[in-house]
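What follows is a short report on a single structure.
The values are calculated or read from the model by the stated rules, or taken from the named source; none is laboratory data. Computed from a predicted model, the values in this text were never measured in an experiment. Here the Cβ positions follow ideal geometry from the backbone for every residue, glycine too, while neighbour counts run over all protein chains shown. Keep in mind that these areas ignore ligands, DNA and RNA; they rest on the heavy atoms of the full protein, side chains included. Shrake-Rupley method; radii C 1.70, N 1.55, O 1.52, S 1.80 Å.
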Amino acid sequence: MSQNNAISLPDITSREDVELLIDSFYKKVVVDDVIGYVFTEVIALNWSTHIPIMNDFWCSILLGERKYNGHPMQKHVALSKQTKLEQKHFDRWLMLWNQTIEENFAGANANEAVKRAQLMGSLMMHKISESESSRFIQ
């Protein structure tokens, strides 16, 4: 028997792949003890509305589709005014995101999804910190 029994995972190459990623990720998020409450209690997202938006967002980033039309930075700055978003929240979000990708995908787009999420989390945390300054211009 071969030493290499690893299952080869597909890359993220289609909208269906993105939908699997987003669905799997949010199933983890809503039950998470660090960030779940943000989605279930603070903003009580309408999942039938939010998930398609997230699918469009990630399809635009990973597949070049141009269906997403939104302002995620502004939304997260506003959300942090409702409930203080801290580095621990972004760290958990990124851990769950990376875990979901590693469980389902491998390849260039999977790696790009990890890299982009890390950059977005850092930028959002920076913008939230800036928004707490009296000099912040939105």
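For the reader, a short list of remarks on this structure follows.
- Candidates are the residues of region 34-76 that are in contact with a Lys or Arg (Cβ under 9 Å, 6 or more places away or on another chain) and outside any helix (DSSP H, G or I); the one that is least open to solvent (accessible area, probe 1.4 Å) is 35.
- Every pair of residues 6+ apart whose Cβ atoms lie under 7 Å, when the first sits in region 101-121 and is in contact (Cβ under 8 Å) with a residue 24 or more places away in the chain and under 17 Å from residue 24 (Cβ atoms) while the second is assigned to a loop (DSSP other than H, G, I, E, B) and open to solvent by 80 Å² or more (accessible area, probe 1.4 Å): 109/13
- Consider region 14-33 and keep the residues that are among the acidic types (Asp, Glu) and buried (at least 16 other Cβ atoms within 10 Å of the Cβ). The one that is farthest from residue 59 (Cα to Cα) is 32.
- Restricting region 99-135 to residues that are surrounded by 13 or more Cβ atoms within 10 Å (Cβ to Cβ) and outside any helix (DSSP H, G or I), the residue that is nearest to the chain's Cα centre (by Cα): 105
- Scope region 80-97; condition open to solvent by less than 60 Å² (accessible area, probe 1.4 Å) and either β-branched (Val, Ile, Thr) or modelled with pLDDT under 85 (or both); matching residues: 80, 83
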